[in-house]
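First the structure, in the form of structure tokens, and then the observations on it.
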Amino acid sequence: MARHATKKRNFPWTTKIDGTQIRLRLMTAADKEAVLEFARTLPEEDLRFLSFDITQEAVVNYWIRRSEAGTWHTILVEADGRLVGHGSLIRTEQSWSRHLGEVILLLAPEARGKGLGSILAGEIFAKAEEWHLMKVVARMAADQKGAVQVFEKLGFNAEALLADYVIDRNNRTHDLIAMSYDITGFNE
């Protein structure tokens with residue numbers, strides 16, 4: 001299983017990747033328009049299987065409210081002053097799964113393959129530890145091979161495959177894969 005650094009970091013912070021200045025910061029209500037613009041420029045295949053339609057203003061408003069309430073934690077990634085991705089940790093609100101968090105990582109196509117996903121995952125894992133979560137889960141359509149490979153590389157393991165569990169915008173069903181990472185293995 002992969003291990004990730006979990007030092008507590010203050011936001012915002014910057015780093016350079018491939019000569020580009022990258023800024024990571026926490027999402028605020030002032031980011032609504034930037035998030036909508038980012039979402040609306042993503043390819044259809046990136047939006048097809050998201051749990052929430054982040055191209056819709058009402059959904060982004062809900063996302064911001066959950067972040068302000070402290071049950072969702074979202075880190076935005078900016079390059080050249082433009083939003084190019086986010087990493088989110090969603091704390092489960094049901095009492096029987098309060099030890100779980102859901103991870104969502106989404107990067108613009110031009111920001112992929114540069115290590116940003118690993119950086120975001122490390123920050124999300126640090127927040128999961130801070131929240132005393134035991135396990136984080138990522139869900140995606142099984143035919144999203146690239147996403148599955150990214151999470152496998154991060155140390156996630158497949159736990160379940162649910163047939164015809166998600167439906168796309170064209171009303172076609174797809175299998176859902178649930179992958180998880182055991183947070184409790186961080187500090188051996």
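Starting from the range 161-173, take each residue that is closer than 14 Å to Gln144 by Cα and list its partners that are assigned to a strand (DSSP E or B) and among the small types (Gly, Ala, Ser), counting only C-beta distances under 6 angstrom and pairs at least six apart or across chains.
Taking only residues 6 or more apart or on different chains, the pairs are Val166/Ala141.
So how many residues does the range 68-87 have that are among the hydroxyl-bearing types (Ser, Thr, Tyr) and either touching a Lys or Arg at 6+ places or on another chain (Cβ under 8 Å) or modelled with pLDDT under 95 (or both)? Spell out how you get there, then give the answer.
Step one: of the range 68-87, the residues among the hydroxyl-bearing types (Ser, Thr, Tyr) are 71, 74.
Right, trim to either touching a Lys or Arg at 6+ places or on another chain (Cβ under 8 Å) or modelled with pLDDT under 95 (or both) and you get 71.
The total comes to 1.
Considering every residue within the range 29-49, establish whether at least one is touching a residue at least 12 places away in the same chain (Cβ under 8 Å), over 29 Å from Lys145 (Cα atoms), loosely packed, with under 14 Cβ neighbours inside 10 Å and over 16 Å from the mean Cα position of the chain (by Cα).
Checked the range 29-49: at least one residue is touching a residue at least 12 places away in the same chain (Cβ under 8 Å), over 29 Å from Lys145 (Cα atoms), loosely packed, with under 14 Cβ neighbours inside 10 Å and over 16 Å from the mean Cα position of the chain (by Cα).
Find the residue count for the range 154-179, including only residues that are within 15 Å of the chain's Cα centre (by Cα) and either of a type in the set (A, V, I, L, M) or surrounded by fewer than 16 Cβ atoms within 10 Å (Cβ to Cβ) (or both).
3
Determine which single condition Ala58 fails, assuming it passes every other condition in (1) at pLDDT 90 or above; (2) within 17 Å of Leu76 (Cα to Cα); (3) loosely packed, with under 12 Cβ neighbours inside 10 Å.
Ala58 satisfies all of (1) at pLDDT 90 or above; (2) within 17 Å of Leu76 (Cα to Cα); (3) loosely packed, with under 12 Cβ neighbours inside 10 Å except (2).
Under 9 Å by Cβ, and 6 or more places apart or on different chains, what pairs join a residue from the range 84-105 that is over 16 Å from Ala178 (Cβ atoms) and among the basic types (Lys, Arg) with one that is loosely packed, with under 14 Cβ neighbours inside 10 Å and at pLDDT 90 or above?
Final answer for the pair search is Arg91/Gly70.
The values are calculated or read from the model by the stated rules, or taken from the named source; none is laboratory data. Since the model is a prediction, treat every value here as computed from it, not as a measurement. Ideal geometry is used to build each Cβ from the backbone, glycine not excepted, and the neighbour counts take in all protein chains shown.
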